[in-house]
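**Student:** Please see the structure below; I have some questions.
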2 protein chains.
Amino acid sequence: MTTTTHPQTTISADPALPTIHITREFNAPVDAVFHAHVDPDLVSKWLGPRSVTMRVDRWDATTGGAYRYVHARGDEEYRFYGSFHEVRAGERIVQTFTYEGFPDGVALETLTFEDLGGGRTRLHIVSVFETTEGRDAAMASGMETGVVEGYEQLDDLLAEA
Amino acid sequence: MTTTTHPQTTISADPALPTIHITREFNAPVDAVFHAHVDPDLVSKWLGPRSVTMRVDRWDATTGGAYRYVHARGDEEYRFYGSFHEVRAGERIVQTFTYEGFPDGVALETLTFEDLGGGRTRLHIVSVFETTEGRDAAMASGMETGVVEGYEQLDDLLAEA
């Protein structure tokens, strides 16, 4: 058995705004971390909790593109979709996000990829919701497990490359 | 000269959230008002202030689609783009919005079309920004003229139909 120490994922809700901030560092160059967010074959290997398998129906990570995917766990299926407002290579992705179980809930997510030098990268995500209640529901949905485990799987994928 | 009385457009900034709410009623059925938002030939006839002409480069008003357009006034050009997160026929459009002059500023806009009966429609828009400063900058940008005059032009277009 291999024991791996993963960088810490920070997830915080803003007290004054309906936003969630996520920060995570990766021991990989910014281009590799960015590429793992836009290539659907790679995305399907890391996004979400360990307990699900991911099927990508659409993943067109370009400005004006869109995505749709399913997370399956046994007989259960969880469907998600959104659009790519902007994809700025190696720097920034702005996308929308909806879980179909709450079809009227939408978040706007801005991902910023920061080159820390030395082959390391910091990812910062701001998700903004229409209401504080919507943000709180997302925080209470178990998203933390998916985010933390997803980035651990991404660590492993980046280490293989 | 014809004098026309237009319904009032209400634009308000939320004191506690980084949002703008816009409400406007139309003397036209909900399907007509909705159609005028998704058909690019119609959109180009009403969207924005009277002082500009609009050229649509892309207007794919479907879930996962996107748009891009130019407002021209003399030699000046103002470019805007975004993606359509969801288009729910006759009911709801969720889209993103960026003015290229402020390329890092993004709003998430939810348009709700309400059938008031008697061939009348209420449109309600919520725009949410990442920060209160971003919202305040949008409010200060002269958007009010574009919104008010745009809907007056839409009134005229709907009256012709």
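The values are calculated or read from the model by the stated rules, or taken from the named source; none is laboratory data. Quick caveat, the model's predicted, so the values are computed rather than measured. Don't worry about glycine lacking a Cβ; one is built from the backbone with ideal geometry, like all the others, and counts go over all protein chains shown. Accessible surface is based on the protein model in full, side chains and every heavy atom, while ligands, DNA and RNA are left aside. Shrake-Rupley method; radii C 1.70, N 1.55, O 1.52, S 1.80 Å.
**Student:** Looking at the stretch B:109-130 only, could you name the residues that are in contact with a Gly (Cβ under 9 Å, 6 or more places away or on another chain) and either open to solvent by 40 Å² or more (accessible area, probe 1.4 Å) or of a type outside the set (Phe, Trp, Tyr) (or both)?
**Tutor:** B:Glu109, B:Asp115, B:Glu130
**Student:** Shifting gears a bit: Taking only the stretch B:41-83 into account, find how many residues are out of contact with any helix residue (DSSP H, G or I) (no Cβ under 9 Å at 6 or more places or on another chain) and either away from chain A (no Cβ under 12 Å) or among the aromatic types (Phe, Trp, Tyr) (or both).
**Tutor:** Here the count works out to 13.
**Student:** Exactly one condition in (1) open to solvent by less than 60 Å² (accessible area, probe 1.4 Å); (2) at pLDDT below 95; (3) in a loop (DSSP other than H, G, I, E, B) is not met by A:Phe102; state its number.
**Tutor:** (1)
**Student:** Looking at the stretch B:125-136 only, could you name the residues that are in contact (Cβ under 8 Å) with a residue 12 or more places away in the chain and in a helix (DSSP H, G or I)?
**Tutor:** B:Thr132, B:Gly134, B:Arg135, B:Asp136
**Student:** Out of the stretch B:60-87, which residues are open to solvent by 40 Å² or more (accessible area, probe 1.4 Å) and without any contact (Cβ under 8 Å) to a residue 24 or more places away in the chain?
**Tutor:** B:Arg68, B:Arg73, B:Gly74, B:Asp75, B:Glu76, B:Glu77, B:Arg79
**Student:** Give me the pairs: first residue in the stretch A:137-161 and surrounded by 14 or more Cβ atoms within 10 Å (Cβ to Cβ), second residue aromatic (Phe, Trp, Tyr), beta-carbon distance under 6 Å, and six or more apart or on different chains, which are they?
**Tutor:** Once the first residue is surrounded by 14 or more Cβ atoms within 10 Å (Cβ to Cβ) and sits in the stretch A:137-161, its partners that are aromatic (Phe, Trp, Tyr) give A:Gly150/A:Trp46; A:Gln153/A:Trp46; A:Leu154/A:Trp46; A:Leu157/A:Trp46.
**Student:** Which condition does A:Ala107 not pass, out of (1) farther than 28 Å from B:Asp14 by Cβ; (2) within 13 Å of the chain's Cα centre (by Cα), if it passes all the others?
**Tutor:** With respect to (1) farther than 28 Å from B:Asp14 by Cβ; (2) within 13 Å of the chain's Cα centre (by Cα), A:Ala107 is out only on (1).
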